[in-house]
Number of protein chains: 6
Amino acid sequence: MALVKFIEYADASPEVRAVYDDIMATRKVDWITNFWKALASDAATLKRTWESVKQVMAPGELDPLTKELLYIAVSVTNGCDYCIQSHTAGARKAGMSDGMLAELIAVVGMANETNRLVNGYQIEIDERVAKAAKQR
Amino acid sequence: MALVKFIEYADASPEVRAVYDDIMATRKVDWITNFWKALASDAATLKRTWESVKQVMAPGELDPLTKELLYIAVSVTNGCDYCIQSHTAGARKAGMSDGMLAELIAVVGMANETNRLVNGYQIEIDERVAKAAKQR
Amino acid sequence: MALVKFIEYADASPEVRAVYDDIMATRKVDWITNFWKALASDAATLKRTWESVKQVMAPGELDPLTKELLYIAVSVTNGCDYCIQSHTAGARKAGMSDGMLAELIAVVGMANETNRLVNGYQIEIDERVAKAAKQR
Amino acid sequence: MALVKFIEYADASPEVRAVYDDIMATRKVDWITNFWKALASDAATLKRTWESVKQVMAPGELDPLTKELLYIAVSVTNGCDYCIQSHTAGARKAGMSDGMLAELIAVVGMANETNRLVNGYQIEIDERVAKAAKQR
Amino acid sequence: MALVKFIEYADASPEVRAVYDDIMATRKVDWITNFWKALASDAATLKRTWESVKQVMAPGELDPLTKELLYIAVSVTNGCDYCIQSHTAGARKAGMSDGMLAELIAVVGMANETNRLVNGYQIEIDERVAKAAKQR
Amino acid sequence: MALVKFIEYADASPEVRAVYDDIMATRKVDWITNFWKALASDAATLKRTWESVKQVMAPGELDPLTKELLYIAVSVTNGCDYCIQSHTAGARKAGMSDGMLAELIAVVGMANETNRLVNGYQIEIDERVAKAAKQR
């Protein structure tokens, strides 16, 4: 169980309510998840985290669905169940099909495997690869 | 330095050469990276890994660029330098712009942060989120 | 559920009881947590782990509260729920306020984020930083 | 080598220069590390990250040295060499002695060990511990 | 709860049934675990994963029990509860005693500790060690 | 480069020398690796760590080679290059063949992959598996 009390909208300070209102407006939902209610125990972290997430997850050169998929990939690698479930829900809402989820999980599994093959054999980087990876 | 000798094409067994040929044909390149040359010290792992990577990274419901981005996200989370560099090179070849790389890294950073906010506060999953995450 | 039987004080061997007694005396408590009851299934590990924890967590140049905060930081990064909860309990006992916990979690989140920004951009160490980090 | 070009002060846009100026003023230094010069390739990430780091690392209920120690603990756990070195440098500047560094590393090592003893034995949380960990 | 529906034998396609049959025949069991029933939601991943696991876990220069112990070591390090439990069950079936499990967990804990001592002190590799680690 | 000065035998205190002597006698070698020379900057950690490693890695129900393989498996998963190289050297000395190393790395890669398949699909533990995993 969470280590802090969840702050419900009715009990929230005006500063917290302003963040909740912006979350609901931005995401077009009418409720707040436990994540934000827990962060609200520390209003500065709530506000900073929401503003960062809002900026980072906004459509840019990558579309919102791709960003959700990347979020899932990290969360699966780290084993954060809450994050896997909440971003899987978010990705489904953004259009992720069952087939896309299956392919995502397959890629994440494979990357975690080959990361360790590289570590295990202590493979050094090819000059040509390093060059191709760099910004021109 | 790598713990095994890299197997060059000229020194490779027919079985290893067949895999090298398929890698070069599939990827439309005329050389083999250290990763495969190290795996070739164990022909069974080389063959199995290549066939798995080939299947997993093939275009499906997710396009090849998105799959490369996911590979980078995992490798950045795990801190595998070889993998970050080789899949960044792969993603650039598949069309990743500098802006896309920047957004990818920003999402990966944010996900790693919020994964730990969830852990730190020990936040339990919302019923509604769990339900929305599930396959219908 | 735990993979081994918890060893209760009443059922413990003299060697295990001696460790339990020292834990309770050192920590000024009158009961033993599941962690130690599980380790007691292997008396050598119980004794070695307790003696190490006792030495490492004793007041030194860092005070016990700071050490508990560091323990939480690691456990949050690794996602070990048991460890997060038990060391949060320990830190509260040692004087950690809600505000301190919030700041701790914020730092841990930020460090996990910037660790990946560094990985993602493959940033090399500044000579001046490396020099400033070293023991004089 | 870094995947993006470092942005030197002389070549920076006004927006980036404003962040650099604030970093140098806040930290009372006259130069910028590679970390910020790499982030500057994406001005939005540079600005957001600096403002977050500035807020999170400011003195609060935890003092700046304790926050640097926590940053090191996370970075050591994740194996981020750049981050270990830069925050060790920062901690030394904030007053960390060699003895404090040694104790910090000892706690981090021990926490990483016991996190896995808990995982290995699959130890469930004690009711009393969970209760003691919670905010009153 | 799992994000996909488990595919029971009775509801499985011929392709999935063929994999299930091979799993049961190879492992000499008459039922299928949740792991495979979840993977079966994506028949390509099911088939590829089973064939890889079958090849990798087959007796070779390392015996099946040693391979199960290694699987547990990784799973404990990553904190994957399902994997810890299923491979502990597998290892017990292959002959792992309680004493062997205790020693395994002790080694895994110690390795996780010393990995971080190395990181914390940023210790560079000895020439003689690097040479001794390499294939002759 | 290491953050502390390596303590050479000639410069070591009697307490540190006693540990060095025991390391060399136990391992039947005539030199000390950087790991111990770095730890020697903190004599208490040196002594405690050596005594723990000595106890944990001693022959028991698991033989020394198996313990070295487990150490490598953890180090590869964590990406600790120093630890991978030093324990690969140790394992070779204890009789590990190239084939055994290849199989070890293959198992570690596979376990890291399936750990994430489990996370990705959020697969819950089978009752029968949990029961089979427990100590009788």
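The values are calculated or read from the model by the stated rules, or taken from the named source; none is laboratory data. Just so it is clear, the model here is predicted, and its values are computed rather than measured. Using ideal geometry, Cβ is built from the backbone for each residue, glycine included, and neighbour counts are taken over all protein chains shown.
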Self-check item: Matching option when the condition is closer than 27 Å to F:M1 by Cα, aliphatic (A, V, I, L, M) and in contact (Cβ under 8 Å) with a residue 24 or more places away in the chain, among E:V118, E:V108, E:V129
Solution: E:V108
Exercise. From (1) of a type in the set (G, A, S); (2) part of a loop (DSSP other than H, G, I, E, B); (3) closer than 21 Å to F:G95 by Cα, pick out the condition that doesn't hold for E:G95.
Key: (3)
Practice problem: Answer yes or no: is there a residue in segment D:111-124 that is within 7 Å of another protein chain (Cβ to nearest Cβ), over 30 Å from F:K134 (Cβ atoms) and assigned to a helix (DSSP H, G or I). | Solution: no
Quiz item: Checking C:R136 against (1) assigned to a helix (DSSP H, G or I); (2) free of Cβ contacts under 8 Å to residues at least 40 places away in the same chain; (3) more than 24 Å from A:K37 (Cβ to Cβ), which test does it fail?
Solution: (1)
Quiz prompt | The listed residue being more than 18 Å from B:K131 (Cα to Cα) and either among the charged types (D, E, K, R) or modelled with pLDDT of 95 or more (or both), out of A:A91, A:A25 | solution = A:A25
Quiz item: How many residues does segment F:65-80 contain that are within 21 Å of A:G109 (Cα to Cα) and facing chain E (nearest Cβ under 7 Å)?
Solution: 6
Quiz item: Of all helices (runs of 4 or more DSSP H) completely enclosed by segment C:5-72, which ones contain at least 2 residues that are charged (D, E, K, R)?
Solution: C:14-27, C:43-57
Self-check item: Residue check for E:A102: among the small types (G, A, S), within 20 Å of the chain's Cα centre (by Cα) and at the interface with another protein chain (Cβ under 7 Å from one of its Cβ atoms)
Solution: yes
Quiz item: Quick one: is E:K28 basic (K, R), on the phi < 0 side of the Ramachandran plot and out of contact with any strand residue (DSSP E or B) (no Cβ under 6 Å at 6 or more places or on another chain)?
Solution: no
Quiz item: Among C:I125, C:I84, which is the only one that is of a type in the set (V, I, T) and in contact with an Asp or Glu (Cβ under 8 Å, 6 or more places away or on another chain)?
Solution: C:I125
Self-check item: Qualifying positions in segment A:45-64 - among the hydrophobic types (A, V, I, L, M, F, W, C), surrounded by fewer than 21 Cβ atoms within 10 Å (Cβ to Cβ) and in contact (Cβ under 8 Å) with a residue 24 or more places away in the chain
Solution: A:W50
Quiz item: If you take the residues of segment C:85-130 that are among the aliphatic types (A, V, I, L, M) and in contact with a Gly (Cβ under 7 Å, 6 or more places away or on another chain), which of them is surrounded by the fewest Cβ atoms within 10 Å (Cβ to Cβ)?
Solution: C:L117
Quiz item: Does any residue in segment F:65-87 that is on the phi > 0 side of the Ramachandran plot come within less than 8 Å, Cβ to Cβ, of a residue that is not in a helix (DSSP H, G or I) six or more places away or on a different chain, and which pairs are these?
Solution: F:G79/B:G79; F:G79/B:C80; F:G79/D:G79
Quiz item: Name the pairs whose Cβ atoms lie under 6 Å apart, with the first residue in segment A:19-44 and more than 9 Å from every other protein chain (Cβ to nearest Cβ), the second among the hydroxyl-bearing types (S, T, Y), and 6 or more positions between them or separate chains?
Solution: A:Y20/A:Y9; A:I32/A:Y20
